[in-house]
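K.L.:
My questions will all concern the structure given below.
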Amino acid sequence: MNMTIEKSNLPLNQIILGDCIELLKNLPDECVDLVISSPPYNLGKEYEAKKALLIYLEEQTSVLRECSRILKSTGSLFWQVGAFSDRGMLIPLDIRFFPILESCGLIPRNRIIWARQHGLHAQKKFSCRHETILWFTKSDNYTFNLDAIRVPQKYQNKKHYRGSRKGELSCNPDGKNPGDIWLFRNVKHNHEEQTIHPCQFPEDLVARIILGTTNTGEIVFDPYMGSGTVAVVSQDYGRYFIGSELEPKYYQVALRRLSKKPDKNNYFPNLKTLRDYVETTGEAIDKFHFDVQVGKRASERSKAKIYPEEYHLQSMEERLIYEETAFANSLRGEEIPVDPKLNGNGKKTKLSTKNGEQIELNLWD
């Protein structure tokens, strides 16, 4: 079967309402370039915890075998998972998924840490502050477009100080590899992409994966489409998408995001889609609302505080350095430095000491 005939038979740029396994079984071998998803964690609802986990992993094995079958030899699979918790026990799911993916004939490339600055505080163990994205490929001949996803160098003007290249830049001026620790902000309250779905991918995270591992005109598959983020990003960057979603209300959200237009009541699925629409059409923002809107009026993007991943990475690094320094000083009976964002307002708060001076932590000297 040639590529043209194959594409004509595929449900390109469609999300199918229904069980992903049914869709997968009807797709031909090696027909997609990228599989990316975050499977739902429907554990412990109908079974005891241990049985629920085993059944879940068996179901995921069936799905992943089909995903491997439809993946082209040059393709990649990204599977984002968290942890299974039961009465204080915690099992990182990537540990269980790793051998499953290998059994599907896939080759591990990266274990990406998606770190979070915030979350629930544990009482009898360390608070969980990350989830994992597993990247596997079908073969050693896979697509990786590093130039499309470079980030700024830490030392952008660093130069060779001796030898034949003295005075020349010692790093790539176009940027560096982003690494395997990512800090895209979780799509929760005050995030313009937030919909009614409780667990969304950030669009920028998906964009990094799609741009880094596919080319224009290739096909991206998401078996658990949810609110449609993978489809939206694929559409924005000139890729085809195929996917499925079991829950009708999330299926409708995904279709509304893809349409980029208001519904009959002038509502959008999220603030981002609303802002994009008014910026494109020039219509007044006051005419429209979005599903999870709290205030009376949607805010313009020009008034929003939207920060890139590099900002969040630096903020997290600063916070971790501060916490470790404060702990070390406490152990040694030394003064604990002032938190530069004390009380959560981002402003430095003076601390009275016996010397009447403020102790501050300089993080970058």
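The values are calculated or read from the model by the stated rules, or taken from the named source; none is laboratory data. From a predicted model like this one, the values you see are computed outputs, not experimental measurements. Neighbour counts are summed over all protein chains in view; Cβ atoms, including those assigned to glycine, are modelled from backbone coordinates with ideal geometry.
K.L.:
Checking the conditions here, which among 126, 97, 84, 78 is surrounded by 16 or more Cβ atoms within 10 Å (Cβ to Cβ) and either within 17 Å of the chain's Cα centre (by Cα) or in a loop (DSSP other than H, G, I, E, B) (or both)?
P.N.:
Exactly one of 126, 97, 84, 78 is surrounded by 16 or more Cβ atoms within 10 Å (Cβ to Cβ) and either within 17 Å of the chain's Cα centre (by Cα) or in a loop (DSSP other than H, G, I, E, B) (or both), namely 78.
K.L.:
Just one of 322, 277 is farther than 19 Å from residue 38 by Cβ, in contact with a strand residue (DSSP E or B) (Cβ under 8 Å, 6 or more places away or on another chain), in contact (Cβ under 8 Å) with a residue 12 or more places away in the chain and not assigned by TED's automatic domain parsing to the domain that holds residue 195; which is it?
P.N.:
277
K.L.:
Does the range 259-284 hold any residues that are closer than 24 Å to residue 235 by Cα and of a type in the set (A, V, I, L, M, F, W, C), and which are they?
P.N.:
Listed by number, the residues that qualify are 268, 271, 274, 278.
K.L.:
Here is a further query. Kindly indicate whether residue 249 is in the same structural domain as residue 210 (by TED's automatic domain parsing), touching a residue at least 40 places away in the same chain (Cβ under 8 Å) and basic (Lys, Arg).
P.N.:
Taking the combined requirement at face value, the residue satisfies it.
K.L.:
How about the range 100-114: which of its residues are surrounded by 16 or more Cβ atoms within 10 Å (Cβ to Cβ) and part of a helix (DSSP H, G or I)?
P.N.:
If the condition is that a residue be surrounded by 16 or more Cβ atoms within 10 Å (Cβ to Cβ) and part of a helix (DSSP H, G or I), then 100, 101 are the ones that fit.
K.L.:
Being within 26 Å of residue 115 (Cβ to Cβ), assigned to a loop (DSSP other than H, G, I, E, B) and modelled with pLDDT of 80 or more is the filter here; which residues of the range 319-357 pass it?
P.N.:
336, 337
K.L.:
Checking the condition in a loop (DSSP other than H, G, I, E, B), of a type in the set (A, V, I, L, M) and closer than 14 Å to residue 226 by Cβ, which residue from 206, 187 passes?
P.N.:
Within the list 206, 187, the selection yields 187.
K.L.:
For residues that are part of a strand (DSSP E or B) and among the β-branched types (Val, Ile, Thr), scanning just the range 211-250, find the one that is nearest to residue 31 (Cα to Cα).
P.N.:
219
K.L.:
Turning to a different aspect of this structure: Of the residues in the range 268-300, how many are more than 22 Å from the chain's Cα centre (by Cα) and assigned to a helix (DSSP H, G or I)?
P.N.:
Of the residues in that region, 8 qualify.
K.L.:
Restricted to the range 238-250, and to residues that are surrounded by fewer than 24 Cβ atoms within 10 Å (Cβ to Cβ) and among the small types (Gly, Ala, Ser), which residue is nearest to residue 188 (Cα to Cα)?
P.N.:
Among those residues, the one meeting the criterion is 244.
K.L.:
Could you please find all residues in the range 179-207 being at pLDDT below 90 and in contact with a strand residue (DSSP E or B) (Cβ under 8 Å, 6 or more places away or on another chain)?
P.N.:
Hits for the range 179-207 are 183, 184.
K.L.:
Give me the residue from the range 251-267 that is part of a helix (DSSP H, G or I) and not β-branched (Val, Ile, Thr) and, out of that set, surrounded by the most Cβ atoms within 10 Å (Cβ to Cβ).
P.N.:
Out of the qualifying residues, it is 254.
K.L.:
Using beta carbons and a limit of 6 Å, which pairs, at least six apart or on different chains, have the first residue in the range 211-237 and outside the structural domain of residue 30 (by TED's automatic domain parsing) and surrounded by fewer than 24 Cβ atoms within 10 Å (Cβ to Cβ) and the second one of a type outside the set (Asp, Glu) and not in a helix (DSSP H, G or I)?
P.N.:
Taking only residues 6 or more apart or on different chains, not a single pair turns up.
K.L.:
On to the next question. What is the residue count in the range 180-197 for residues that are within 14 Å of the chain's Cα centre (by Cα) and free of Cβ contacts under 8 Å to residues at least 40 places away in the same chain?
P.N.:
3
K.L.:
Looking for whichever is of a type in the set (A, V, I, L, M) and in contact with a Lys or Arg (Cβ under 9 Å, 6 or more places away or on another chain) here; the options are 220, 187, 206. Which one fits?
P.N.:
None of the other options fit; the residue is 220.
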